[in-house]
Amino acid sequence: MKKVSVSFTLNGDPVTADVPVTWTLLKTLREYFELTGAKEGCGVGECGACTVLVDGKAVNSCLYPIPEVEGRSVTTIEGIAEKDGTLHPIQKAFLENNGVQCGFCTSGMIMSAKALLDQNPDPSEEDIRKSIAGNFCRCTGYVQIVESIQMAAKLKE
Amino acid sequence: MIDYDYKRPDSLEEVFRLLQEYGPRAGLIAGGTDVMVKIRNTKKAPEVLISLRGLTDLAYIRKNGHYHIGGLTTHRMLEQSELLQNELPALYEGASRIGSVQVRNVATLAGNICNAAPSADTAGPLLALDARVTLQGPDGERRVPITEFFTGAYRTVRKQTEVLTEINIPAHMEQFGSAYWKQSRRKAMNLPIVGIAVSLRLDNDTISDSRIALTVAAPTPIRAYKAEEFLAGKPMEDAVLAEAGRIAASPECCTLRDSLRGEAWYRARIIEVYVPRMARLAAERIKKTH
Amino acid sequence: MPDYLFVGKSIPRTIEADKVTGKAVYINDLRRPGMLYGKILYSTHAHARIKRIDASKARRLQGVRAVLTGRDIPDVRVGFLKDQTVLKKDVVRQFRDEVAAVAAITPEIAEEALSLIEVEYEPLPAVFDPIEAMKEGAPLVHETDARGRPVKSNILPLPWKFSVGDMEQARKEAAFVTKDHVSTTWVNQCCMGTSGCVAEFDQSNNLTLYSPTNVIFGHIGRISEYFSRIGLAGKKIRVVNPVVGGSFGTKLDTDIYEFIAIQLALNTRKPVKILFDREEEFRALPPRQPAVFTIEQGCDREGRLVFRHCEAVLDNGAYTSWGATTPSVMIMPMSSLYRVPNVYFKATCVYTNNIYAQAMRGYGNPQATFAVETSMDSLAEAAGIDPAEFRLINRNQPGDETPMNLKITSCGLEECIRAVKERLQWDEKKKARQKTRGLGMASLIHVAGGARVTKSDGHGIMVKLDEFGHVDVIESGTDQGQGSPTVISQIVAEALGVRPEDVFITFGDTALALWDAGTHASRHTFMAGNAALIACAKAKRQILDMAVDIIPKIVKLNFKRMKRKDPGFAEPDLDYGLIADPEDLDIRDRMIFPKKEPDHPYFRVPISDILRNGLHVGIGESRVVAAEAFYDPPTEMLNREMKGNLSMTYAFGTTGVEVEVDEETGDVRILNLVAAHDVGKAMNPTLLLGQIYGAGYTGVGYGLTEEIKVRNGRVMNPSFRDYQMLTAMDVVPIEPVIVEPDDKDGPYGAKGVGEPGLVPTAPAIANAVYDAIGVRIRDLPITPEKILTALKQKKGGMNV
Ligand SMILES: Cc1cc2nc3c(=O)[nH]c(=O)nc-3n(C[C@H](O)[C@H](O)[C@H](O)COP(=O)(O)OP(=O)(O)OC[C@H]3O[C@@H](n4cnc5c(N)ncnc54)[C@H](O)[C@@H]3O)c2cc1C
Ligand code: FES
Ligand code: FES
């Protein structure tokens, strides 16, 4: 099996991964870096549980070929709280407002929300719903997730 | 077990060189949202994937006379383009309803039409907007009208060594209003059960020119020429539009089939209903922009 | 209202912070040293004889550690009716039948090995329609029963029959009668976390199974039965829950893949993980039980129900899991939703070569309520009574005992119906009708105080405090995301007098926890809450006993210290009688104090002081605080006549919807959805809303979009792309209304709320669609195609 060596920035740190060239970013995060926050809910771009940020944009890491990560910057759910453990406002808001139930969709949901709020600090409900349309959740009916993101926007101000 | 090599050339020349070197053993990958899914589902891959993501200067949307959209432009760029939203709303709507933000952030317009799924969401709008695509190969480039691009389900005129470098929409489309409807059971993360794109130009209240394009209505995305012909020179009236819808939905224009996502009669019904609705919307949009 | 510090407050889910930081370990994330990966080869036929299996190539593949077929493992029957084996040896009866399994060092190698296994089938005639399957001469799905005796028919030996009153007489008395055919289909639970487990044996063949099951002790029962047949009788089995990525019924039964993981682990002497991918989740996990109903109801001139008669046929699929027992729950709405004196209900479960079914949120209730509530609507119309009024006339009331002997204690149904009417502006809108808009409602009854489906409906809990005032709660239930860690921490904090952040909860480990009947049937808050109250009362008493001894000592020690510092210090004259009896003390917000003088300057001490001083006393005197409770409520199991008060209390609710239907396209838009629920007491309003929103949304999917398309036994849409679960863009404006009649048996008055929100949603939508456009769709889901077809029939041949 052919391997590649890919250097990139992961949650702020420079890293290099030596993995099979066929691996996706998701598999590399989970198996090489043991960052299991991003989940595989489908493996084919249809659920959003694997959402991470690449150069600030939300992507399905399950479809992202690892060689494409070379030189880029990747942010995962493990990298958004402060170094001292203080939660990111979106994380806080999800706990505060019951935006999380079983939690399986949560990492991806929060990363989608982060991509949105980084670009648009004052989104409408429609903006929020559009930004998480690719993140399925079976537990919440999305209502309190939308509210959590609205709350996070306020917290960030 | 799946194994492939992955090349990331940063110039077109390098892409052509690799394409020639590997021949049919190579496959192009852009956003990878079709390619990666197919590899996972079929457990088969080409020997070499040649990535186009290094061709960053092919990611653009420009207007100078014609509209020019680069071969590496993502749906997200189209969705965030005010130019497109104002002047080519059908394409804006097609692109912005593809998958999710995550998909649109990487998936490209070129990938959508090169993959040539009968359901491709941008195919209808491009047909309704008289698009032409530029294919470049080691032996030069050629321009193909989108109406001649699709040759079958998942098949196009593109040669194995060619890269789609630009999509071009002629300047006269500025005078058209356009609209795209994607019929689906839920509002996101869906392929269309059927797609309807309409563009038209009015002369007072008379339809002077129109395009009606349909997806999932035949093995390839198609134009409903008979319906367009019927509309030519007719007034913008309910009865006229309804008849155009009926013609568009009939075997004169499409070959509808029953599939898991929808039955033929239902697709016909949606075409019948939405050709008029999109025509109205397209007409409104002309008035707004001009 | 008692003045609670934590109960009834929207305490945030801080206790689950690991879920927002990516730290929570789901089965998907769990890895054990030396772990192998198991994969399953499924049948490619709906019904076929296995002529030959050749696994030799797979066995030779590098990295493969075991390949098992039906011939390699003991031929032991498992399942609710013992109608299948773990790996199928001779005959496959459905597409998902497990014919071989592989364990390898990577999932990719295991997958590759599967593709090297050659199986030759000889197709057999198959039957896919339950009605056809009931007919004489239909192909038999099973030739013999569990004991090897030949069978003559595909009908299961599970005669669900309930009959009360005099049907013949009732029919005569009824002034209005309607009869409807209703059907519901397969829907997938769609847990976002896919299913999986890790099986691991120790050197002496004791098993630890990491499994997201929500019935950890039920698992042990079933696995130990299996063990007794494969020569492992008496071995210890421990079931441990990882963090659970959704459950919704999928984790009720011990699934075949779990037995396979166990067999692979046994064979390889290594931990083995089996993890489903999404396609397997759709193809190989038993979904909600589909059912068809013929329902007839009658009422008198005043609109009072006089009878309800219903026959149901359930497509059991090829094997039997909990799906076949859903009629036991269907009997509840059939007999007890609204007052109805004469009831007949019969359900027949039939084997077919389709996929088999199991539980999903609400069990059989959503199916049966869809039948009852759409029929209620037709009957109201026949009787010329407004559907809301009709439901009010027949509403259940506190103190009722229903035909199946359910004893209704608290009941907020009337408030729920009225709230829905008010919020939807029912009367006003019914008068000023807008074309293509319509209103509909439906109600529900559900168990909300446990459900005695096994002989014990008990729930065990243990509480211990350490010297710092931290409380460890060892909970025998499963946290599947419902919010129990927060709610239980609120209850424990309130009952013990600590704060929720002092409470730490361990869920789902059979080695630590006492017994529990399972986190199902909306029972967890009710059962665990009541158990916690008992355990906390015991622990509190232990603390107060200590306090009586220790507070005076602390006070005196303090005085001594003060005197040392300040020789002039005069010891105040204190009334030690205030703290002489534990009964006179209380604990609140981490402080112990005399009830008579809560702010006493000397006798008010932190709970941790008492705990620490109680432990570090000296030889023979040290004390720790620990208490357990096992709460098993005085409820009844269903008797032979299917009667019995199986829950301590019942939940009621009403959902009302306003829809707009596009008559040209058949598209339905929900303009407003009011979900009014009798919850007893809202323990944590924010978390409660989460249950109502989530269940309501799933209910909308059940009503309008979701459907596993099964054609000739094969699942045709095994992906999120084609299975139409709703996205965030499919906005459903849900307006919850909380009705709190305060239940005398619930912990702090609470009832179960996990499932109810889903139950009445689909029929409410169906009724609203009828109100809007005059066609009744009685076949779920209510698709645009069905609406257009019905409209065409109604109008007599529009060109569709
Ligand atoms: C979850 C999900 C949802 C989706 N939803 C939709 C939807 O709603 N509507 C819809 O239409 N599609 C949808 N798609 C399909 C897909 O996203 C689109 O077709 C997308 O536009 C493909 O672009 P890409 O850049 O990812 O293509 P790739 O996967 O990289 O390539 C697709 C094909 O085009 C070829 N190709 C790509 N670029 C070029 C080029 N410049 N020149 C020549 N050949 C090229 C590749 O060789 C390949 O054969 C969805 C996909 C996913 C995973
Ligand atoms: S796992 Fe990537 S989208 Fe589902
Ligand atoms: S919280 Fe369970 S899937 Fe979203």
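Under 5 Å from the amide H of C:ASN354 lie the amide H atoms of C:GLY317, C:ALA318, each residue being 5 or more positions distant or on a separate chain, with H modelled from the backbone and absent for Pro and chain starts.
Listed values for the range B:41-53 are Karplus-derived 3J(HN,Hα) couplings in whole Hz (6.51 cos²θ - 1.76 cosθ + 1.60, θ = phi - 60°), namely 6, 8, 6, 10, 9, x, 5, 9, 9, 9, 7, 9, 5, and x replaces Gly and Pro.
For the range A:1-87, chymotrypsin sites (Phe, Trp or Tyr not before Pro) are listed when DSSP marks them as loop and at most 14 other Cβ atoms sit within 10 Å of their Cβ; the list is empty. When you restrict to C-alpha pairs under 8 Å that are six or more residues apart and normalise by the size of chain C, the relative contact order lands at 15 percent. Here the calculated FRET efficiency for C:ASP3 and C:VAL25, from their Cβ-Cβ distance with R0 = 45 Å, stands at 0.70, rounded to the nearest 0.05.
Note the angle between two axes, namely the Cα long axis of helix A:106-119 and the longest principal axis of the Cα atoms of chain A, as a number of degrees from 0 to 90, rounded to the nearest 10. The angle comes out at about 80 degrees. Take the Cα coordinates of the range C:407-499, assign each an equal point scatterer, and use the Debye formula without solvent to give log10 I(q)/I(0) at q = 0.19, 0.24 Å⁻¹. The computed values of log10 I(q)/I(0) come out as -1.03, -1.24. Accessible area of C:GLU122 (1.4 Å probe, protein heavy atoms only, ligands and nucleic acids ignored): about 80 Å². Amide hydrogen proximity for C:ARG32: with H placed 1.01 Å from N in the peptide plane, no residue at 5 or more positions away or on another chain lies under 5 Å.
The trypsin sites (Lys or Arg not before Pro) of the range A:69-141 that DSSP puts in a loop, and whose beta carbon has at most 13 other beta carbons within 10 Å, are A:LYS83. Each part reduced to its alpha carbon centroid, the range C:424-490 and the range C:756-800 end up 30 Å apart.
Note on surface exposure: C:GLU120, B:GLU284, C:GLU281, A:GLU157 rank A:GLU157, B:GLU284, C:GLU120, C:GLU281 by accessible area, highest first, 1.4 Å probe. Inter-part distance, the range B:84-145 to the range A:20-82, computed on C-alpha centroids, equals 26 Å. Averaged per residue, chain C has 36 square angstrom of accessible surface, using a 1.4 angstrom probe with ligands and nucleic acids left out.
Would you mind classifying chain C by shape? Square roots of the alpha carbon gyration tensor eigenvalues, ordered a ≥ b ≥ c; an a/c under 1.5 is rounded, otherwise it is prolate if a/b is larger than b/c and oblate if not. It comes out oblate by the Cα gyration axes. Per residue of B:31-41, other chain Cβ atoms within 10 Å of the residue Cβ number 5 on average.
P(r) tail, the range C:562-694: Cα-Cα pairs separated by more than 24 Å, 69% of all pairs.
Here the accessible area is traced with a 1.4 Å probe on the protein chains. For the range C:315-460, carbon and sulfur cover 50 percent of it.
Go through C:ALA101, C:GLY34, C:THR44 and say which Cα lies farthest out towards the positive end of the charge dipole of the range C:32-166; charges sit on Cβ, +1 for Lys and Arg, -1 for Asp and Glu. Positive-end residue among those listed: C:GLY34. The lysines within cross-link reach of C:LYS57, meaning a Cα-to-Cα straight distance under 23 Å and a gap of 8 or more places when in the same chain, are B:LYS43, B:LYS44, C:LYS39, C:LYS88, C:LYS89, C:LYS270, C:LYS273. Computed from backbone phi with θ = phi - 60° and the Karplus coefficients 6.51, -1.76 and 1.60, the 3J(HN,Hα) list for the range C:267-283 is 5, 9, 6, 10, x, 10, 10, 10, 10, 6, 9, 5, 5, 4, 4, 7, 8 Hz; x is used for glycine and proline. Rounded to the nearest 100, the interface formed by chains C and A buries 3900 square angstrom of accessible surface, both chains summed, with a 1.4 Å probe. Straight-line cross-link partners of C:LYS795 among the lysines, defined as a Cα under 24 Å from its Cα and at least 8 positions apart when in the same chain: C:LYS179, C:LYS430, C:LYS435, C:LYS786. Per residue of peptide B:186-194, the mean number of Cβ atoms on other chains within 10 Å of the residue Cβ is 6. Accessible area per residue for chain B, computed on protein heavy atoms with a 1.4 Å probe, is 39 Å².
The mean number of Cβ atoms from other chains found within 10 Å of a Cβ in peptide C:471-481 is 1, as a whole number. Stokes-Einstein diffusion for chain B at 10 °C, viscosity 1.306 mPa s, with a Kirkwood radius from C-alpha pairs, works out to 82 µm²/s.
Interface residues of the range C:21-43, defined as those losing at least 50 Å² of solvent-accessible heavy-atom surface relative to the isolated chain (probe radius 1.4 Å), are listed as C:THR21, C:GLY22, C:TYR26, C:ASP29, C:ARG31.
Taking the centroid of alpha carbons for each part, the range C:703-736 and the range A:116-136 are 23 Å apart.
Our coupling estimate for the range C:366-372, obtained by passing each phi through the Karplus curve with A = 6.51, B = -1.76, C = 1.60 and θ = phi - 60°, is x, 4, 5, 5, 4, 5, 4 Hz, Gly and Pro reported as x. Report D for the range B:129-219 in µm² per second (integer): Stokes-Einstein, Kirkwood Rh on Cα pairs, 25 °C, 0.890 mPa s. Answer from the Stokes-Einstein relation: 160 µm²/s.
How much net charge surrounds A:ARG30 when only the other residues with a Cβ under 12 Å from the Cβ of A:ARG30 are counted, with Lys and Arg +1 and Asp and Glu -1? Computed value for this residue: -2. Each principal axis of the Cα atoms in the range B:1-155 has its own extent, and those three values, largest first, are 46, 34, 29 angstrom. Charged side chains reduced to their Cβ positions (Lys and Arg at +1, Asp and Glu at -1) give the range A:3-79 a dipole of some 100 debye around its Cα centre.
Each peptide in C:646-653, C:338-345, C:409-416 was scored by the mean count of other Cβ atoms within 10 Å over its residues; highest first, the order is C:646-653, C:409-416, C:338-345.
Where q = 0.05, 0.09, 0.10 Å⁻¹, what log10 of I(q)/I(0) comes from the Debye formula for the protein assembly as shown, counting one point per Cα? Relative scattering, expressed as log10 I(q)/I(0), comes to -0.38, -1.22, -1.46. Taking amide H as placed 1.01 Å from N in the peptide plane, the amide H of C:ASN645 sits under 5 Å from that of C:GLU636, each at least 5 places away or on another chain. Against chain C, whose longest principal axis comes from its Cα atoms, helix C:524-565 is set at around 20 degrees.
Computed from point charges on the beta carbon alone (+1 for Lys and Arg, -1 for Asp and Glu), the dipole magnitude for chain C about its Cα centre is near 1540 Debye.
Applying both filters, DSSP loop and at most 14 other Cβ atoms within 10 Å, to the trypsin sites (Lys or Arg not before Pro) of the range C:609-647 gives C:ARG640.
What you get for the protein assembly as shown, charging only the Cβ of Lys and Arg (+1) and of Asp and Glu (-1), is a dipole of about 2060 debye around the Cα centre. Applying the Kirkwood pairwise sum to the alpha-carbon positions of the range B:5-51 produces a hydrodynamic radius of 10.9 angstrom. The residues neighbouring B:LEU260, those whose beta-carbon lies less than 14 Å from its own, together hold a net charge of +3 under the Lys/Arg +1, Asp/Glu -1 convention.
Here the peptides C:140-153, C:736-749, B:3-16, C:63-76 are ranked by packing, the mean other Cβ count within 10 Å, and the order with the highest first is C:736-749, C:63-76, B:3-16, C:140-153.
The values are calculated or read from the model by the stated rules, or taken from the named source; none is laboratory data. Source: prediction; values computed, not measured. Please note: Cβ atoms are built from the backbone with ideal geometry, for glycine as well, and neighbour counts cover all protein chains shown. Surface areas here come from the heavy atoms of the whole protein model, side chains and all, with no ligands, DNA or RNA. Shrake-Rupley method; radii C 1.70, N 1.55, O 1.52, S 1.80 Å.
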